[in-house]
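Single-structure report; data block below.
The values are calculated or read from the model by the stated rules, or taken from the named source; none is laboratory data. This structure is a prediction, so every number in the text was calculated from the model and none was measured. As a convention, Cβ positions derive from the backbone with ideal geometry for all residues, glycine included, and neighbour counts pool all protein chains shown.
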Amino acid sequence: MDTYCIERGNLLDNPSVVTLEGPEQHTIHCLVDVPRCYNSGFEILGDPSPPNTLYCRAFKLDATGQNAILTLARSAGSTSLGCSTCTGTAEASARTGFRATITGTFDTEDLNDPKILTTTTIELADNNICPNDDTKMLNECSTKGAGGTSGFVVAHGALMLSSWGVVLPCGVLVAKFLRHQDPLWFKIHRFMQICGVILALIGFCIALTQFSVFSPDYYAPAQIHGICGIIVMVLGLMQPINAYFRPHKDKQAASVSPIRQRWEYLHKGSGWFAIVLAIPTIILGTTLAGGDRTLMFQIIYGVCIVLISVLICYLIQDGRKKKNAEMVVLE
């Protein structure tokens, strides 16, 4: 297994699978085609020891071993099975669950976790048990650091969910339904949008620095999520800029000026488009979180959608009551 997918916490090519729970579902394509994966190095995983269900990180291959395993894995896969750099034939190739028989030595005093294995030989795995199997060493191997990037996944997801899923939509609703509370509506709207954009910008910076969804051969749904996320963020960052340059209304004029009208179309239209596009972007993003994080984010977002829907119904009903009350007064 590549170190990147181990520390990511879930498989890059199948985010619903926790890496150390189902490494046999990892494709050779992801292992040898994706630079982020093979450049991170390779590790030997120890089989689960009941009652534990997790594979563990037994050894990290040295530079010689990493080059050799990359060549061997490519010879074990096939282009017809989705591996673009593989050289094997489809008849004798595997698509997932690459295994190899590796011999080598390690320093028992090595403080690295996992320890570095100085590789002697590497060949395709067979059904034979490795000679001189150090069962005790494998039983002591750990899962330390697995899912190390999950903190960034949670932080990015929480920031984007709170900003584009809650704060920014509520700010738009304030501008839509509370205009009769002038100038209070504008102050609330401006405050919420500024807070929402700041939260989103922090989450966006995490995505740009910690994730590489636009690397060649990256998981397609993640690339779609990234493209939609960039569009949403560009539109979101434009909002405070064009709001700053908004043409002011002439309170003495009988009608809105054409330039002010065009500005309102741009500001409102791009804002609503960003909010609407954020919905499938968030939904797709929650599925990419992987493992228990997916369910957690989806439950939270579902609750947010329900609460916002209730708020919309309340605001619409409240607006109708006020309009009816005004008509009664006029009569």
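The table that follows gives values for the structure above.
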read-out: Any hit, the stretch 212-231, residues being under 26 Å from the mean Cα position of the chain (by Cα), more than 20 Å from Pro15 (Cβ to Cβ) and in a helix (DSSP H, G or I); value: yes
read-out: So Val34, is it closer than 22 Å to Ser93 by Cβ and buried (at least 22 other Cβ atoms within 10 Å of the Cβ); value: yes
read-out: Any hit, the stretch 270-290, residues being in a loop (DSSP other than H, G, I, E, B), closer than 30 Å to Arg8 by Cβ and either touching a helix residue (DSSP H, G or I) at 6+ places or on another chain (Cβ under 8 Å) or not assigned by TED's automatic domain parsing to the domain that holds Thr19 (or both); value: yes
read-out: Where Ile69 falls short, out of the listed (1) closer than 28 Å to Thr287 by Cα; (2) among the β-branched types (Val, Ile, Thr); (3) not in a loop (DSSP other than H, G, I, E, B); value: (1)
read-out: Condition met for Leu235 (assigned to a helix (DSSP H, G or I), farther than 30 Å from Cys37 by Cβ and modelled with pLDDT of 85 or more); value: yes
read-out: Number of the condition not met by Ile259 [criteria: (1) farther than 18 Å from Leu159 by Cα; (2) free of Cβ contacts under 8 Å to residues at least 12 places away in the same chain]; value: (2)
read-out: Lone qualifier among Thr64, Thr53 - being part of a helix (DSSP H, G or I), out of contact with any helix residue (DSSP H, G or I) (no Cβ under 8 Å at 6 or more places or on another chain) and among the polar types (S, T, N, Q); value: Thr64
read-out: Single match in Gly65, Gly88 (criterion: crowded, with 19+ Cβ neighbours inside 10 Å and without any contact (Cβ under 8 Å) to a residue 40 or more places away in the chain); value: Gly88
read-out: Filter result for Arg246 (farther than 21 Å from Ser163 by Cα, in contact with a helix residue (DSSP H, G or I) (Cβ under 7 Å, 6 or more places away or on another chain), surrounded by 12 or more Cβ atoms within 10 Å (Cβ to Cβ) and in the same structural domain as Ser163 (by TED's automatic domain parsing)); value: yes
